[in-house]
1. For the stretch 52-148, which helices (runs of 4 or more DSSP H) that fit wholly inside it have 1 or more residues that are in contact with a strand residue (DSSP E or B) (Cβ under 8 Å, 6 or more places away or on another chain) and either of a type outside the set (Ser, Thr, Tyr) or surrounded by 15 or more Cβ atoms within 10 Å (Cβ to Cβ) (or both)?
2. Being basic (Lys, Arg) and farther than 15 Å from Glu193 by Cα is the filter here, so list the residues in the stretch 212-259 that pass it.
3. Output the number of the condition that Ile33 fails; it satisfies all remaining conditions of (1) touching an Asp or Glu at 6+ places or on another chain (Cβ under 9 Å); (2) within 25 Å of Gln140 (Cα to Cα).
4. Considering Glu63, Glu81, Glu57, which residue is of a type in the set (Asp, Glu), without any contact (Cβ under 8 Å) to a residue 24 or more places away in the chain and closer than 30 Å to Lys210 by Cα?
5. When you look at Glu236, is it at pLDDT 80 or above, within 30 Å of Asp138 (Cβ to Cβ) and in a helix (DSSP H, G or I), yes or no?
6. Given the residues Thr266, Thr204, Thr230, which is the only one that is of a type in the set (Ser, Thr, Tyr) and surrounded by 18 or more Cβ atoms within 10 Å (Cβ to Cβ)?
7. Looking at the stretch 209-239, which of its residues are hydrophobic (A, V, I, L, M, F, W, C) and without any contact (Cβ under 8 Å) to a residue 40 or more places away in the chain?
Amino acid sequence: MSKSRDIINANGTRVNAFRDTKLNIDFLSITDIAKYKNPEAPNDIIKNWLRTRNTMEYLALWEQMNNSNFNNEGYNTLLSEAGTNAFVLSPTKWISETNSIGIQSQPGRYGGTYAEVDIAFEFASWVSPEFRLYLVKDYQQLKKNESSHLNLNWNVNRALSKVNYRLHTDAIKESIIPLKLTKKQEGFHYATEADMLNFVLFNTTAKDWKKAHPHATGNLRDNATLEQLTVLANLESMNAELIKEGLPINKRARKLNKIARDQLQTLVKNKKSLNSLKELRELNSKNKQNNNLLQ
């Protein structure tokens, strides 16, 4: 796992942060956040937060939207035990039972429990609403810092430097433009929101792609083109808004599939000129920034 580390100083409390460049996710140390409340026993603070039903439901929703390998069965088992006097939930148990990616336990010098930034802010609110404000402010400042590894432009430039820009022949165009969903596919039961987004953009789920490419390095999204990742960032934001509007998943799938087709065709067409490559870089950076902005 590739990490780029930084430190946030929130009202005098040092909070370790890192960017998982493989998952493309920022993480904050909730062990450090818990120390703001109880420097002597931060792990107890985390366990008390994890064991609540509201916390578990929030974490599960985040995982279902971002983690195609989330173990819903394991989650439901834990949820059924929530509220009982004997129920205790540690980060390691949550991770092992649900295959979580939003909560991680890190060993070594910077060890502790880490959480994706939105989850970390949720935890910080539970610890202290005042401290959360300091944490959010300093995190946003760090994201703007040109020398920070969490800076979006730094990460985009680093990722782009590894990409081999090939000429987009007609055959390549055909390989990345998603097919239009059939009526049967529109009614397909998607296991997770991530499955649905993968299907409307790549015409397959992460699990089916892995079966079809058993020797490939990384997962479906690791092997996506820059254009596909750019559109995916847009789709994730749009899907969140459509969920808020109460649109059912089959209608969201149809709408997002059309958007994916239109945007990819535009990006591929515009990439014929050298100037469009720069525009694509800027668009990718803005999309990632929009996905990470706090509301």
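The values are calculated or read from the model by the stated rules, or taken from the named source; none is laboratory data. Computed from a predicted structure; not experimentally measured. No Cβ is skipped: glycine too gets one built from the backbone with ideal geometry, and neighbour counts run over all protein chains shown.
1. So the answer is 53-66, 91-98, 117-127, 129-144.
2. Lys258 - this is the single residue of the stretch 212-259 that is basic (Lys, Arg) and farther than 15 Å from Glu193 by Cα.
3. (1)
4. Unique residue meeting the criteria: Glu57.
5. yes
6. Residue meeting the stated conditions: Thr230.
7. Trp209, Ala212, Ala216, Leu220, Ala224, Val231, Leu232, Leu235, Met238
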